[in-house]
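Here is the structure we will look at.
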């Protein structure tokens, strides 16, 4: 197989203001993120010949990427919006890399934004996200998004003895990182007791086990490794990529406690020629706390069933052996829906540039970022590094 | 606000007709002899196309569950128990556990189907914990 290892790099990255951002539509945030990434890369919009976006729940547009290109007045050779839920953000990097290596496009702008907080009521946001359930055979039972993930959490507890305290460690760890990040939506440190004392949403998930509802956008510029040295900032190379798709509806998952993160991770590690022990920090999709625990296991950072003790060891906290979600994750930084993991990618770029300020992971060279969409359905793993190989 | 009602298709109508009749029906593959859920136009095990509806036992076990403490809309009065049920015939389906306290539910508990009429046209399969005397 033709390996994409080290062939493309991220040369520009930007976030918009995140959290509660009233007065800016998802389209405006998407464009703002795009302009920020162009400025960071030191290029003009005319130099972009590929555009990849995802749709916005709060402002659905039938042909989203085309509309964004028109708004920006760019005329790309490659133009598409992708929709694999939260996994979209990283699965598109594989498409972008393949397009660049095959000459379909040279410089690709990936920009995503949504405004679940300010442009939708809480009920609308809840319903639109719950519509991921099967329309005939799941949705009538009224499962909320937290409920879908609670089904996984409960299964993990029954199979491995995992506890609510161990799930809570994920929220506590993310908040500890967010406390170091001036842009995070929630920065006040919390304890395991705080998580357990917060309102029960869907057993075993408490309010603080659930990610935020936010507005925001983020964008990156991807180009070939050959051109990557011609930009103002050190390039961040894509060393490994992999996807795994196991189901769409949770009632159809072959396994409730092992996800397709296992195969997406294996594919990414194989391409990079690296393993879990080579990773300096990780950004793991954290829509709900059990998601991170399962991903830690499936991506090989600990054995199956050992996610709870691994979290309780403090490994994922600032200064730990594997800092996770160094920006604060979707639990504490922001979660505007499908674009949620884009902020994990931009954060990874700044960490690998050694430009993450107070929260910089010491001597960070290699990172793994992972996102998933649906209900642990569509998984995408990226491994990024400061060197091309 | 109303509950979310399923919109049957020609393919799934025998399932929903069964629910109205008080019978849980599953597709059975003539090729490989296995059952599947949800209804499809091919067998999810062997890709065979000869599928026939059969009455299921209506019995199963709790694969996992959660107690929804905040309903998806005002039409869904919390708390309610959403569960995945492993049917005796093999397939897994989502449903509700009714007439039980959340603390009495454990994963693996045996359950039996029942039907709730939600409208003139729609009856929804729900499950009850089996009584202890029937567990022998």
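The values are calculated or read from the model by the stated rules, or taken from the named source; none is laboratory data. Worth saying up front: this structure is predicted, and the values here are computed from it rather than measured. With ideal geometry, Cβ positions are generated from the backbone for all residues, glycine too; neighbour counts draw on all protein chains shown.
All conditions but one from (1) surrounded by fewer than 19 Cβ atoms within 10 Å (Cβ to Cβ); (2) within 11 Å of chain A (Cβ to nearest Cβ); (3) under 30 Å from residue A:203 (Cβ atoms) apply to residue B:101; the one that does not is (2). Residues in the range A:229-258 that are within 14 Å of chain B (Cβ to nearest Cβ) and more than 23 Å from the chain's Cα centre (by Cα) were compared, and the one that is nearest to residue A:271 (Cα to Cα) is A:254. Kindly indicate whether any position in the range A:153-160 is in contact with a strand residue (DSSP E or B) (Cβ under 8 Å, 6 or more places away or on another chain), within 14 Å of another protein chain (Cβ to nearest Cβ), surrounded by fewer than 21 Cβ atoms within 10 Å (Cβ to Cβ) and within 26 Å of residue A:300 (Cα to Cα). Yes, some residue in the range A:153-160 is in contact with a strand residue (DSSP E or B) (Cβ under 8 Å, 6 or more places away or on another chain), within 14 Å of another protein chain (Cβ to nearest Cβ), surrounded by fewer than 21 Cβ atoms within 10 Å (Cβ to Cβ) and within 26 Å of residue A:300 (Cα to Cα). Residue A:272 falls short on exactly one of the conditions (1) buried (at least 24 other Cβ atoms within 10 Å of the Cβ); (2) more than 18 Å from residue A:351 (Cβ to Cβ); (3) over 16 Å from the mean Cα position of the chain (by Cα), and that condition is (2). Checking each residue in the range B:36-56 for being surrounded by fewer than 19 Cβ atoms within 10 Å (Cβ to Cβ) and away from chain A (no Cβ under 14 Å) picks out B:41, B:42, B:46, B:47, B:48, B:49, B:50, B:52, B:53, B:54, B:55.
Within the range A:39-79, the set of residues being within 21 Å of the chain's Cα centre (by Cα) and not in a strand (DSSP E or B) comprises A:40, A:54, A:55, A:56, A:57, A:58, A:59, A:60, A:64, A:65. As for the range A:214-228, it holds no residue that is assigned to a loop (DSSP other than H, G, I, E, B), within 14 Å of another protein chain (Cβ to nearest Cβ) and out of contact with any strand residue (DSSP E or B) (no Cβ under 6 Å at 6 or more places or on another chain).
Is it the case that the range B:60-83 has a residue that's out of contact with any strand residue (DSSP E or B) (no Cβ under 9 Å at 6 or more places or on another chain), more than 11 Å from every other protein chain (Cβ to nearest Cβ) and part of a loop (DSSP other than H, G, I, E, B)? No, the range B:60-83 has no match at all.
Among the residues of the range B:84-91, at least one is more than 25 Å from residue A:123 (Cβ to Cβ) and within 7 Å of chain A (Cβ to nearest Cβ). Among the conditions (1) in a helix (DSSP H, G or I); (2) touching a strand residue (DSSP E or B) at 6+ places or on another chain (Cβ under 7 Å), residue A:111 misses just one, which is (1).
Just to be sure, is residue A:143 more than 14 Å from residue A:311 (Cβ to Cβ) and surrounded by fewer than 18 Cβ atoms within 10 Å (Cβ to Cβ)? So residue A:143 fails the test. Scanning the range B:104-136 for residues that are more than 20 Å from residue A:252 (Cβ to Cβ), facing chain A (nearest Cβ under 10 Å) and touching a residue at least 60 places away in the same chain (Cβ under 8 Å) returns B:118, B:122. Candidates in the range A:114-131 are the residues that are assigned to a loop (DSSP other than H, G, I, E, B) and more than 11 Å from chain B (Cβ to nearest Cβ); of these, the one that is surrounded by the most Cβ atoms within 10 Å (Cβ to Cβ) is A:116. Which of the numbered conditions does residue A:286 fail, given that it passes all the others? Conditions: (1) more than 21 Å from the chain's Cα centre (by Cα); (2) outside any helix (DSSP H, G or I). It fails just one condition, (1). Looking only at the range A:80-94, decide whether some residue is in a loop (DSSP other than H, G, I, E, B) and at pLDDT 95 or above. No, there is no match, as no residue in the range A:80-94 is in a loop (DSSP other than H, G, I, E, B) and at pLDDT 95 or above. Residues in the range A:133-145 that are facing another protein chain (nearest Cβ under 8 Å) and outside any loop (DSSP other than H, G, I, E, B): A:139, A:140, A:141.
Condition check ((1) touching a helix residue (DSSP H, G or I) at 6+ places or on another chain (Cβ under 9 Å); (2) surrounded by 24 or more Cβ atoms within 10 Å (Cβ to Cβ)) across all residues:
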residue	(1), (2)
A:329	yes, yes
A:332	yes, yes
A:337	yes, yes
A:344	yes, yes
A:348	no, yes
A:353	no, no
A:363	no, no
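Considering only residues that are touching a residue at least 40 places away in the same chain (Cβ under 8 Å), buried (at least 19 other Cβ atoms within 10 Å of the Cβ), outside any strand (DSSP E or B) and in contact with a strand residue (DSSP E or B) (Cβ under 7 Å, 6 or more places away or on another chain), which ones fall in the range B:13-35? Scanning the range B:13-35 gives B:19, B:24. Residue A:105 fulfils the conditions (1) within 14 Å of chain B (Cβ to nearest Cβ); (2) surrounded by fewer than 24 Cβ atoms within 10 Å (Cβ to Cβ); (3) touching a residue at least 24 places away in the same chain (Cβ under 8 Å); (4) not in a helix (DSSP H, G or I) except for a single criterion, (1). Residue-level analysis places residue A:274 outside the set of residues that are part of a helix (DSSP H, G or I) and modelled with pLDDT of 95 or more. If you go through the range A:163-190, how many residues are more than 13 Å from chain B (Cβ to nearest Cβ), surrounded by fewer than 22 Cβ atoms within 10 Å (Cβ to Cβ) and closer than 21 Å to residue A:306 by Cα? Going through the range A:163-190 one residue at a time, the tally reaches 2.
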